[in-house]
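Here the structure is laid out as structure tokens; the discussion comes afterwards.
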Amino acid sequence: MRSGLTIGEFAAVTRLSVRTLRRYHEAGLLEPATVDPFTGYRYYATEQIPTAQVIQRLRQLDVPLSEVEVILGTEDPQDRAEVIAGHLERLEAELDRTRAAVVSLRRLIRPHPAGLDVELRSLSARTVAAITGHVSLDESLAWYDTAMDELDAAFPPAERTGPPGGQYANELFTHGAGAFTVFRPVRAPRESGRIQVVELPPADLAVAVHPGPHDDIDVTYGRLGAWVVEHTLAVAGPIHEIYRVGPRDTPDPARWRTEIGWPVFHLAATVQG
């Protein structure tokens, strides 16, 4: 009398195909409890059903076979949890990138996009509290959050005189890494840790407002850049952003308002397009 489940029966109870079970056997992930030495038939124990289901869930999450093997071979529950958590973080980041791409594409393929309001604005020199670093584009959001946490901790609301902003070197976009400065206008800027007192030079900018979440802010960047090429003369200098309303002000992305400033040759006028 045979003991255990045939590969077909095990496939039925685990919802894994026979072909998949054979592949997992060859990879050493899920070996049958016994293999008949004469027929080569595979037999599985009922105790292997949970393991098969774990493998199935991990593969549904696109966990590579090599990581599945590590998870199954790790006896410490905490270590297993850390391996799985690391993969879930990568999946979440990928989902964020996918969502942002979908939002941008939907906006780009609109047949009649709304006109872009552009203001030509001259900024005077300003003294602010700022943090500057050389940052990769992939890490810029996390770096921004950490830097703003430091600025907010050092300068409570009563000391602030305006919304926060950022300046981005062109290399951040053209080469994937570059200088990134975040700042807050405050009554009395002072140094503390990474925080420096910075004099922002005067600047002439073509300014457009990006409404809502940042998933499709690249579209507004593109439209503003095209407007600058068509209507004025771009000059060298960092891109400016002012976060009039952002995640630190409201959890509702629909209410976010980000000003994008593109450096241009001075034109003292307000233009709409």
(message) Can you compute the modelled spin-label distance between residue 81 and residue 94, with each label point 7 Å from Cα toward Cβ, in nm?
(response) 2.4
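Where both partners of a DSSP beta bridge lie in the range 184-269, what percent of those bridges are antiparallel, to the nearest 5? Spell out each step's value before the answer.
On the way: 14 of 14 bridges.
So the antiparallel bridges in the range 184-269 amount to around 100 percent.
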(request) Along Cα→Cβ, 7 Å out, is where each label goes; now give me the distance between the ones at residue 67 and residue 249 in nm to one decimal. (result) 3.7
(message) Nothing charged except the Cβ atoms of Lys and Arg (+1) and of Asp and Glu (-1): what's the magnitude of the dipole of the chain about its Cα centre? Round to the nearest 20 debye.
(response) 740
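Evaluate the range 149-219: find the radius of gyration of its Cα atoms, find its Kirkwood radius, and give the ratio Rg to Rh. Can you show the working numbers first?
Values: Rg = 14.4 Å, Rh = 14.5 Å.
Across the range 149-219, the Cα-based Rg/Rh ratio is 0.99.
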(message) Placing +1 on the Cβ of each Lys and Arg and -1 on the Cβ of each Asp and Glu in the chain, which of 95, 221, 115 has its Cα farthest towards the positive end of the resulting dipole?
(response) 115
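Which whole-number percent of Cα pairs in the range 1-74 have a distance greater than 18 Å?
Details: 912 of 2701 pairs.
In whole percent, the share of Cα-Cα pairs in the range 1-74 beyond 18 Å is 34.
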(message) Need one number: convex hull volume per residue for the range 172-253, Cα atoms only, in Å³.
(response) 146
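Evaluate the charge dipole of the range 1-68 about its Cα centre and quote only its size in Debye, nearest 20, assuming +1 on the Cβ of each Lys and Arg and -1 on the Cβ of each Asp and Glu.
Values: 8 positive and 7 negative charges, 41 e Å.
Taking the Cα centre of the range 1-68 as origin, the dipole is about 200 debye.
Taking R0 as 35 Å, what's the FRET efficiency between residue 192 and residue 51 from their Cβ-Cβ distance, rounded to 0.05? Don't jump to the answer; show the numbers that get you there.
Working: r = 53 Å, r/R0 = 1.52.
Efficiency, from the Cβ-Cβ distance: 0.05.
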(message) Cut-off 10 angstrom, C-alpha nodes, Gaussian network model of the chain. Which of 173, 183, 38 fluctuates the most?
(response) 38
(request) Could you tell me how many degrees, from 0 to 90 and to the nearest 10, lie between the Cα long axis of helix 49-60 and the main elongation axis, the longest principal axis, of the Cα atoms of the chain? (result) 30
(request) Note down the relative contact order for the chain as a percent, whole number, built from C-alpha pairs under 8 angstrom at least six residues apart. (result) 18
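Which value, in debye to the nearest 20, describes the size of the charge dipole of the range 119-263 about its Cα centre when Lys and Arg Cβ atoms bear +1, Asp and Glu Cβ atoms bear -1, and nothing else is charged?
Numbers: 12 positive and 20 negative charges, 107 e Å.
Value, rounded to 20: 520 debye.
Per the helix-only calculation at 222 nm, which mean residue ellipticity applies to the chain, given -39500 (n - 2.57) for every DSSP H run of n ≥ 4 and division by its residues, nearest 500 deg cm²/dmol?
Details: 8 runs with 105 residues, N = 273.
Computed ellipticity for the chain at 222 nm equals -12000 deg cm²/dmol.
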(message) Could you sort the peptides 86-98, 62-74 by per-residue average Cβ neighbour count (10 Å cutoff), highest mean leading?
(response) 62-74, 86-98
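Please give me the summed charge of the neighbours of residue 21: other residues whose Cβ is under 13 Å from its Cβ, Lys and Arg +1, Asp and Glu -1.
In short, +3.
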(request) Starting from the amide H of residue 33, placed 1.01 Å from N in the peptide plane, find each other amide H under 5 Å away whose residue is 5 or more places distant or on another chain. (result) 43, 44, 45
(message) Please check: in the Gaussian network model of the chain (C-alpha springs, under 10 Å), which one of 210, 134, 240 has the largest mean-square fluctuation.
(response) 134
(request) Sort largest first and round to whole Å: the equivalent ellipsoid semi-axes of the chain, each the square root of five times a Cα gyration tensor eigenvalue. (result) 56, 23, 15
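Read-outs: derived from the displayed coordinates by stated rules, not from any lab. Because the structure is a prediction, the values reported are computed rather than measured. Methodologically, a virtual Cβ is constructed for each residue, glycine included, from the backbone with ideal geometry; neighbour enumeration extends over all protein chains shown.
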